[in-house]
Amino acid sequence: MIGARWPCVSRLRAVRSALLALSLLLPAPALACGQTTHVWVSLEAIQHLPEGPIADLLADPELRNILVNGTMFPDGGYAVGDDYGEMAHWEPLQQAYLAWIRDRYAGEYSGREAQEHVAFLLGLASHGMSDEVFDSLFYERSRAYDPGHDEEVTSLDTASDVTFARDVGGIPQPTSWAPFDELAAIYGDDLGYAVSADTLRSGQGFLYTALAYTEWARTSEERLATFTAEFPWAAERMNDATVPGSPPRQAPVVAAYWQDLWLRLHADLAFDAPVITMEPPAGSFDHPMDHTTVEARIHLTFARGVDDDTFDRISVLDPDGQDAPVDVDHFYGDMSHTVLLRPRQDWADDTEYTVVVAPGLLNFDGQASTTEFRGTVSTAPPPPPDVARPIDPPAEEVCACDAASGAAFTPLMLLAWRRRRC
Ligand SMILES: [Zn+2]
């Protein structure tokens, strides 16, 4: 587990380090960011679960409260300046915790204590996956359009958390619960990282301050006006399910990730559905051609951290079956979940490309994917909606017309029919 390369790299660390530095100058609530959004995504993800054991587990309000605490937990490390937070975002820590749960309860998760740990783990997983998806899609777009990134007064995480909380009317406020002692032991035993339960407890406490801040700021006209002025593009789109990486778009990704984690909790390591989502969605049209734009990229989210040594399995084919020139890379570091396919030149006009993930992609568990994924994306406009064959007018209507007026009636009716279809 530890032998796997550590996935967290410069970008997230740089962003968070900047926030931590900022925290020395700003009131505490500004440094622990996005908690309300993270919690909302976890609660919304429950709505995307199929009927089954995870939905049953999270139907329990006490376990949902624990899920929420797990969802918040990773950012507590930034608040207290300890790397435990960064580590909690990624698979090495999360999978060490999963293995600890699996070993302790041997796949039998109906007992209360086991359920509590599973709910907390699902929260950690939600947070890590949401950050990856948000940062690689939504944050990247915001960076291109929002002046707040240049002004560096407020972070997008803080501003978007407040405007999003306004949009959704806040969240149910949780109460604190976390397995601090067990987690401190896992950090030490499995990752060789010393952190005390008291440090974890302190970090979690700061996150409650952040929740309270957002709960207040979401009704503050002054805060909302400031954050909207700094991040106008994001403020308008955080609650827009059509925008890649937005919270409503993250929720189904998290739900799918939980289902894969459930398999791993039962030692089912088969990697036969590696791709959770593609952005733009497979089958899309009107894909932007300008390779310098964020929107021209293609984005894949994998159910498990994937090994970039096997990225030769990922390609984009043109209509002739030839490789299109793209750079394939993680958005963050190796063994993370989100992968960007960046075109090296403009996509060709009116052309359909096929994204292929061939079997053999290795994941964090050391398993190779067994199935092929294919998804198309086209620069052509979408085809017109099907024009149904006009229905012959009812015989009695035709019969009601004389020969001359009947001849005029039929083409008009067909024209009206087509217009309705358009
Ligand atoms: Zn985070």
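The values are calculated or read from the model by the stated rules, or taken from the named source; none is laboratory data. Note that the structure is predicted; figures quoted are calculated from it, not measured. No Cβ is skipped: glycine too gets one built from the backbone with ideal geometry, and neighbour counts run over all protein chains shown.
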Checklist line | Residue in the range 303-317 that is in contact (Cβ under 8 Å) with a residue 40 or more places away in the chain, under 21 Å from the mean Cα position of the chain (by Cα) and in a strand (DSSP E or B) present | finding: yes
Item checked: Candidates V118, V153, V195, filtered to the one that is buried (at least 21 other Cβ atoms within 10 Å of the Cβ) and assigned to a loop (DSSP other than H, G, I, E, B) -> V195
Next item on the list: State the number of residues belonging to the range 363-375 that are buried (at least 19 other Cβ atoms within 10 Å of the Cβ), within 19 Å of M278 (Cβ to Cβ) and not small (G, A, S).
Entry: 2
Next item on the list: Within the range 230-247, count every residue that is surrounded by 15 or more Cβ atoms within 10 Å (Cβ to Cβ) and either outside the structural domain of G34 (by TED's automatic domain parsing) or not in a loop (DSSP other than H, G, I, E, B) (or both).
Entry: 7
Margin query: Just to be sure before I move on: is T214 in a helix (DSSP H, G or I), surrounded by fewer than 18 Cβ atoms within 10 Å (Cβ to Cβ), of a type in the set (S, T, N, Q) and in contact (Cβ under 8 Å) with a residue 40 or more places away in the chain in the structure I sent?
Written below: no
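Out of all the residues in the range 270-288, which are among the acidic types (D, E) and within 17 Å of the chain's Cα centre (by Cα)?
Kept after step one, since they are among the acidic types (D, E), are these residues of the range 270-288: 272, 279, 286.
The one that is among the acidic types (D, E) and within 17 Å of the chain's Cα centre (by Cα): E279.
Select the helices (runs of 4 or more DSSP H) contained entirely in the range 37-112, then report the ones holding at least 2 residues which are within 16 Å of the ligand (Cβ to nearest atom).
Details: elements: 53-58, 61-72, 76-80, 84-88, 91-105.
Counting at least 2 such residues, we get 61-72, 76-80, 84-88, 91-105.
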Next item on the list: Take A270 and decide whether it is among the small types (G, A, S), part of a loop (DSSP other than H, G, I, E, B) and farther than 30 Å from D350 by Cα.
Entry: yes
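It is to be established whether one or more residues within the range 335-344 are over 23 Å from the mean Cα position of the chain (by Cα) and either over 30 Å from L93 (Cβ atoms) or at pLDDT 90 or above (or both). Please lay out each step first, then the result.
Step one: filter the range 335-344 for residues over 23 Å from the mean Cα position of the chain (by Cα), giving 344.
Then keep just the ones that are either over 30 Å from L93 (Cβ atoms) or at pLDDT 90 or above (or both); that gives 344.
So far as the range 335-344 goes, yes, one or more of its residues are over 23 Å from the mean Cα position of the chain (by Cα) and either over 30 Å from L93 (Cβ atoms) or at pLDDT 90 or above (or both).
Taking the conditions exactly as written (more than 16 Å from the ligand (Cβ to nearest atom) and touching a Ser or Thr at 6+ places or on another chain (Cβ under 8 Å)), does H149 satisfy them or not?
yes
Condition test on E113, is it at pLDDT 95 or above, surrounded by fewer than 19 Cβ atoms within 10 Å (Cβ to Cβ) and more than 20 Å from T338 (Cβ to Cβ)? Before the answer, list the steps.
Details: at pLDDT 95 or above: yes; surrounded by fewer than 19 Cβ atoms within 10 Å (Cβ to Cβ): yes; more than 20 Å from T338 (Cβ to Cβ): yes.
In short, yes.
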Notebook entry, point to check: Which of the following residues is among the polar types (S, T, N, Q) and modelled with pLDDT of 95 or more: T376, T410?
Noted result: T376
Margin query: Checking Q173 against (1) within 25 Å of the chain's Cα centre (by Cα); (2) more than 30 Å from T277 (Cα to Cα); (3) in a helix (DSSP H, G or I); (4) not hydrophobic (A, V, I, L, M, F, W, C): exactly one of these is not met. Which one?
Written below: (3)
Check: If you check V275, V306, V316, which single one turns out to be surrounded by 19 or more Cβ atoms within 10 Å (Cβ to Cβ), modelled with pLDDT of 95 or more and more than 21 Å from E132 (Cα to Cα)?
Finding: V316
